């Protein structure tokens, strides 16, 4: 396969962004399964959305306003690879107005100060997010990570990314043919196959999902087998990268918010009303709450 081993794409950054913070998050994010990268660089491997060709990329931030992308894959897919990593790092959204959410809410301002330049780091595609939602449903995170790793090792493709060998999560065509995996609960495999088929048919296209009204997209995603409201929110927010959805089914986020706002009895409706002040970045703020909550949990152990 012909490869390019040089910076061949540039992403203009609008608003504050710290690639090193994104790399640190991804290294510690178990579903990603990625090793430590060089300082201030982010290495990723994924199946190209829609085309499903396995590719790799190395991102480096040369200045506050620019990220360069070194693409490892067929030259004709260079623009598509750059576009996909742009979405994965939430750089397809103009973040210049994000500080205004903090100006309206001092709790958010504190979060932004604790995690400067950190934007949501997404799954490579809504398809990968949907697969993770099925794999992780009603089992321990460590079990889900092992299952994902086994599927990736057996059905994924290894690619080179800046001197590292990384393995992509299986493309839909490969996953649709997956056989029984040890430790994989019975209903999960047919659900994964159904998601692979939906992705191959274009039902999980990120641009399409983001162009729809959020509630309509969430309802449609729940038509997939094994996908409820919680999983649909994960796919839309962390897969398609919708920047402005308040996760109504994420109980852990709600617990963190109740603690932060000193509202121990607040229901989901009241929390969603608080989140109105975060618009049009409700997904981004929820991500920061989640990151801070997980950091505090680690510190308390």
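The values are calculated or read from the model by the stated rules, or taken from the named source; none is laboratory data. All figures in this text were calculated on a predicted structure; none of them were measured in a lab. Cβ sites come from the backbone with ideal geometry, for glycine too, and all protein chains shown count toward neighbours.
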*Any idea which of 198, 194, 178 is outside any helix (DSSP H, G or I) and farther than 16 Å from residue 54 by Cα?*
178
*Scanning for something within 18 Å of residue 250 (Cβ to Cβ) and not in a helix (DSSP H, G or I), does region 102-113 turn up at least one residue?*
no
*So is residue 181 touching a helix residue (DSSP H, G or I) at 6+ places or on another chain (Cβ under 7 Å), at pLDDT below 95 and over 23 Å from residue 85 (Cα atoms) or not?*
yes
_Filter result for residue 282 (surrounded by fewer than 19 Cβ atoms within 10 Å (Cβ to Cβ) and within 22 Å of the chain's Cα centre (by Cα))_ = no
*Mind checking which residues of region 180-196 are surrounded by 14 or more Cβ atoms within 10 Å (Cβ to Cβ) and either in contact (Cβ under 8 Å) with a residue 60 or more places away in the chain or on the phi > 0 side of the Ramachandran plot (or both)?*
192, 195, 196
*List every residue pair whose Cβ atoms lie under 6 Å apart, where the two residues are 6 or more positions apart in sequence or sit on different chains, the first residue falls within region 252-278 and is on the phi < 0 side of the Ramachandran plot, and the second residue, located anywhere, is modelled with pLDDT of 95 or more and outside any helix (DSSP H, G or I).*
253/247; 258/264; 258/266; 268/248; 272/246; 275/246; 277/105
_Per-region count, region 249-265, residues assigned to a loop (DSSP other than H, G, I, E, B) and closer than 25 Å to residue 236 by Cα_ = 2
